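*Asks:* I have a structure I would like to understand better, so I am pasting it below and will then ask my questions one at a time.
FYI, it's all coordinate maths here, none of it is from the lab. Since we're looking at a predicted model, the values are computed, not measured. Please note: Cβ atoms are built from the backbone with ideal geometry, for glycine as well, and neighbour counts cover all protein chains shown.
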Amino acid sequence: MEVFKDWLKPEVIWFLIGLVLMLLEFVLPGFIVFFFGVGAWIVALICLFADISLNVQLILFLVASVLLLASLRKWVRGVFVGYKKYGRPSDDDLSDFTGQRAVVTRQIDPVMGGKVELHGTSWSAETSGGELIEEGTLVEVTGKHGLTLKVKRHPVKGGNT
């Protein structure tokens, strides 16, 4: 039981929460969860040097995470994704997606949508033709709205890109 006592220290718990959140960033698009992971690590660092209550820890976590998100997201995203040379950054910039081929990972229903995998990342998808597209079908990206790709069935059917 003495071994578990070391794992129940607040700084260890916050460090592990931060690690899990940062690993989740690889799965979830949007570059938001990363800042909550950093916020958790900030709380872990503070807990390492000060004995603070759980309420204060939670407040510190939320304040640090939101401040980091609001102030650094655009800059950090630019470092990892790259800055646009001209114009404003836009989620509707289609140059990186239009014409790309993806594989349907969850059936795309004309009403409910579905999921596709593009370059190793899972995206929400809608059909641009209003048709049902089965899982494993090769599709072509025709547009993008926010984090949802608009797709149509690719002329060559199959699951490999």
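*Asks:* Order these peptides, 96-102, 33-39, by their mean beta-carbon neighbour count within 10 angstrom, highest first. Don't skip to the end; give the middle numbers.
*Replies:* Working: 96-102: 15.7, 33-39: 21.6.
Packing order, densest peptide first, comes out as 33-39, 96-102.
*Asks:* Could you tally the net charge around His119, taking each other residue with its Cβ under 12 Å from the Cβ of His119, Lys/Arg +1 and Asp/Glu -1? If you can, show how the numbers build up before the last one.
*Replies:* Numbers: positive: Arg101; negative: Asp96, Glu117.
Taking every Cβ under 12 Å from that of His119, the sum is -1.
*Asks:* Here is a follow-up. Put one equal scatterer on each alpha carbon of region 6-55, apply the Debye formula with no solvent term, and list log10 I(q)/I(0) at q = 0.19, 0.30 1/Å to two decimals.
*Replies:* Calculated log10 I(q)/I(0) at the listed q: -0.58, -1.04.
*Asks:* Could I ask something else about it? With charges only on Cβ, +1 for K and R and -1 for D and E, what is the dipole size of region 1-74 about its Cα centre, in debye, rounded to 20?
*Replies:* Working: 4 positive and 5 negative charges, 59 e Å.
So the magnitude is around 280 debye.
*Asks:* Hey, can you grab everything whose amide H is under 5 Å from the amide H of Lys144? Only 5+ residues off in sequence or another chain; H modelled, so Pro and N-termini drop out.
*Replies:* Here Lys150 satisfy the definition.
*Asks:* According to a simple spin-label model (label point 7 Å from Cα along Cα-to-Cβ), what is the distance in nm between Phe26 and Glu117?
*Replies:* So the two model labels end up 1.5 nm from each other.
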